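The values are calculated or read from the model by the stated rules, or taken from the named source; none is laboratory data. Just so you know, these numbers come straight off a predicted model, no measurement behind them. All Cβ positions, glycine included, derive from the backbone under ideal geometry; neighbour counts span all protein chains shown. What goes into the accessible areas is simple: the full protein's heavy atoms, side chains included, and nothing from ligands, DNA or RNA. Shrake-Rupley method; radii C 1.70, N 1.55, O 1.52, S 1.80 Å.
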Amino acid sequence: MSWTHDVVVVGAGAAGLTAAGGLAQLGLRVALIEAGAMGGECLNTGCVPSKALLAIAARAQAVRDMGRFGIRAQEPQVDFSGVMAQVRGVIAEIAPHDAQERFEAWGAEVIRAHARFTAPRTLLVAGRTLRAPRIVLAVGSRPAVPSIPGLDAVPFLTNETLFSIDAFPERLVVLGAGSVGMEMAQAFRRLGAEVAVIDRGPPLSRDEPEAAALVSERLEAEGIAFHRAAIRGVSSVGGGVAVALDDGDTVGGSHLLVALGRSANLHGLGLEEAGVGTDGGGIVVDDRLRTSARGVYAIGDCRDGPRLTHAAGYEGARIVAAIGFGLRARVDYRALPRVAYTSPELAQVGMTEAEAREGGGRVTAMREPFADNDRAVAEGASVGFLKVVRRNGRIVGACLVGERVGDLTMPWVLSIGGAKPTPWALSGMILPYPTRSEITKAAAFAMYAPRLFSRPARIWAGVLAALRRRLG
Ligand SMILES: Cc1cc2nc3c(=O)[nH]c(=O)nc-3n(C[C@H](O)[C@H](O)[C@H](O)COP(=O)(O)OP(=O)(O)OC[C@H]3O[C@@H](n4cnc5c(N)ncnc54)[C@H](O)[C@@H]3O)c2cc1C
Ligand SMILES: NC(=O)c1ccc[n+]([C@@H]2O[C@H](COP(=O)([O-])OP(=O)(O)OC[C@H]3O[C@@H](n4cnc5c(N)ncnc54)[C@H](O)[C@@H]3O)[C@@H](O)[C@H]2O)c1
């Protein structure tokens, strides 16, 4: 059997870039296939533009809030074209990290085309047949668009289109109060839009209820209208949209944003040709990220599991350990953090109290308010708290809500993961993306990178790759 590469990685988002970059630096023959923009969702239509927009919106809000600090200011005048230029500028500044040339310089062959399986471990890419003993699927996800009556007949925005609009959405209706819905609702409200959020459940429903309630109370105080009801249908009205709810209410707006969850990008990939199994959540993988097909792995948003950039990056690094070094690299999400970048922010590490109680044992929780933290009080930002959850005396979860708490998760990530803060442990932490705390991990990783990609490491990876080429 002849192989064209040692590894083919499909998808150049956070997951695929991490896997391909690491394996190429180990000297493996890597093909990286990307049908769209390098950097995938996070850079182009996800984390980066959304956090840039939130940062701009926070500045507008700071102008409104100045009276409290004895500074007189007027309602901010928002120039939306300037706002979007800043968002595009942020993307352009980060883009070189994910650029094709960077990965080519490490030795990867980057092919900008769609990939589709034609047989096990065989992909058709831009008219070429690529064959490799190891294939890594990192094809990401797209916004789920449920079958709501009328939705297919009205124009609507998703994260894929939101960051390229020119006209300001004066009256924005947001479907979904998950992280996309809540972050974007606050951003556009602070920029001056009228905003309504519709969800059949409570906002940020995966998080500690009392922390999520603090976030929604703030958004409500800033003027966002929340509707907790199921959606009956959507229709066009004049130049805008109307959403009918099952409680009898109708919510109207100029623009509609659909943020109702995600579906894995499996269409047109030919998974059945390769024997890769899927279920409603995406590609099915085991705790070593292996699919049901021999030699095929799936990482990041396309598999069933947490859909976060830092999870995607972590799984990419696990693949480097598994394929590059032959380790039995399992994923461990006990200390996985996630952050909603609203103001106040909500950061969760590990289990919520309810999740800990489901697991049984003696569960206790303690709370420490920011009202007792002098820095928070001095800054006039004392809303929020830290809650720590223990089971049988061991810390299993921590939740923080307050200003910029995403940067405070690190000690909880370490203690829930059971790690001492050695440089090695710091370099392997899963920290929430994007936070300033990641600078610690980056510095720790920089200490190990020369050893990780050293000559002996590359020789070992080369021996394993040669064996695989022989044995499959
Ligand atoms: C608005 C928004 C804000 C977000 N903010 C955050 C945040 O602050 N923090 C956070 O951690 N997460 C955030 N996320 C989630 C985060 O964006 C994703 O978890 C992450 O980007 C997933 O990375 P990935 O590599 O798995 O997939 P992707 O980045 O989607 O990459 C997959 C790539 O595969 C390519 N592809 C697909 N099929 C094929 C094919 N057949 N052939 C070739 N190429 C193919 C696609 O073009 C794409 O570029 C946000 C998401 C959204 C929507
Ligand atoms: N800060 C971050 O880390 C961040 C930011 C944005 C997105 N993300 C990731 O992107 C993913 C997608 O985010 P999302 O907000 O689109 O999804 P989500 O799953 O977080 O939230 C979707 C919301 O839509 C509601 N919903 C679904 N169908 C509905 C229906 N028919 N009627 C009414 N309500 C309905 C759900 O109750 C839920 O609250 C998340 O998994 C998240 O991990 C992360």
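Tabulated data for the structure shown
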item	result
Number of the exception - D98 against (1) open to solvent by 10 Å² or more (accessible area, probe 1.4 Å); (2) in contact with a helix residue (DSSP H, G or I) (Cβ under 7 Å, 6 or more places away or on another chain); (3) more than 20 Å from N265 (Cβ to Cβ); (4) in contact (Cβ under 8 Å) with a residue 60 or more places away in the chain	(3)
Test: R451 is open to solvent by 50 Å² or more (accessible area, probe 1.4 Å) and either modelled with pLDDT under 95 or part of a loop (DSSP other than H, G, I, E, B) (or both)	yes
Search result, residues across the range 21-45 that are in contact with a helix residue (DSSP H, G or I) (Cβ under 6 Å, 6 or more places away or on another chain) and either within 11 Å of ligand 1 (Cβ to nearest atom) or of a type in the set (K, R) (or both)	L32, A37, M38, G39, C42, L43, T45
Residue among G282, G360, G384 that alone is outside the structural domain of G21 (by the TED database) and either under 30 Å from E217 (Cβ atoms) or in contact with a helix residue (DSSP H, G or I) (Cβ under 6 Å, 6 or more places away or on another chain) (or both)	G384
Candidates G16, G27, G67, filtered to the one that is open to solvent by 10 Å² or more (accessible area, probe 1.4 Å), farther than 30 Å from R190 by Cα and more than 16 Å from ligand 2 (Cβ to nearest atom)	G27
Check on R128, outside the structural domain of E222 (by the TED database), open to solvent by 60 Å² or more (accessible area, probe 1.4 Å) and at pLDDT 95 or above	yes
Conditions (1) surrounded by 18 or more Cβ atoms within 10 Å (Cβ to Cβ); (2) more than 26 Å from A187 (Cβ to Cβ); (3) more than 15 Å from ligand 1 (Cβ to nearest atom); number of the one not met by I319	(3)
Filter result for the condition that a residue is under 17 Å from the mean Cα position of the chain (by Cα), open to solvent by less than 50 Å² (accessible area, probe 1.4 Å), assigned by the TED database to the domain that holds L386 and on the phi < 0 side of the Ramachandran plot, over A312, A347	A347
Selection count where residues are in a loop (DSSP other than H, G, I, E, B) and within 14 Å of ligand 2 (Cβ to nearest atom), scope the range 195-235	10
Test result for V258, at pLDDT 95 or above, under 19 Å from I323 (Cα atoms) and open to solvent by less than 10 Å² (accessible area, probe 1.4 Å)	no
Every pair of residues 6+ apart whose Cβ atoms lie under 6 Å, when the first sits in the range 140-154 and is within 14 Å of L175 (Cα to Cα) while the second is assigned to a loop (DSSP other than H, G, I, E, B)	P143/T158; A144/L260; A144/G261; P146/L260
Selection from the range 246-283 of residues that are within 16 Å of ligand 2 (Cβ to nearest atom), over 19 Å from C302 (Cβ atoms), touching a residue at least 24 places away in the same chain (Cβ under 8 Å) and touching a Lys or Arg at 6+ places or on another chain (Cβ under 6 Å)	G253
Criterion violated by I430 - all others in (1) closer than 23 Å to I323 by Cα; (2) part of a helix (DSSP H, G or I) satisfied	(2)
Residues of the range 164-192 classified as more than 22 Å from P203 (Cβ to Cβ) and either within 12 Å of ligand 2 (Cβ to nearest atom) or surrounded by 16 or more Cβ atoms within 10 Å (Cβ to Cβ) (or both), total	1
Members of the range 405-441 found to be under 22 Å from P49 (Cβ atoms) and either without any contact (Cβ under 8 Å) to a residue 24 or more places away in the chain or surrounded by fewer than 17 Cβ atoms within 10 Å (Cβ to Cβ) (or both), listed by number	R436, E438, I439
Pick from the range 194-208, criterion more than 29 Å from L336 (Cβ to Cβ) and surrounded by fewer than 23 Cβ atoms within 10 Å (Cβ to Cβ), ranking: nearest to ligand 1 (Cβ to nearest atom)	A196
Failed criterion for I395 (all others in (1) in contact with a Ser or Thr (Cβ under 8 Å, 6 or more places away or on another chain); (2) surrounded by fewer than 17 Cβ atoms within 10 Å (Cβ to Cβ); (3) more than 30 Å from Q61 (Cα to Cα) hold)	(2)
Yes/no for S454 being of a type in the set (S, T, N, Q) and either touching a residue at least 12 places away in the same chain (Cβ under 8 Å) or within 16 Å of ligand 2 (Cβ to nearest atom) (or both)	no
Near pairs, Cβ below 6 angstrom, 6+ apart or cross-chain, from the range 195-213 (among the small types (G, A, S)) to any residue that is open to solvent by 20 Å² or more (accessible area, probe 1.4 Å) and within 13 Å of ligand 2 (Cβ to nearest atom)	A212/P203
Scope the range 130-146; condition farther than 10 Å from A259 by Cα and away from ligand 1 (no atom under 11 Å from the Cβ); matching residues	L130, R131, A132, P133, R134, I135, P146
Of all residues in the range 46-63 being touching a residue at least 40 places away in the same chain (Cβ under 8 Å) and open to solvent by 30 Å² or more (accessible area, probe 1.4 Å), the one that is nearest to ligand 1 (Cβ to nearest atom)	K51
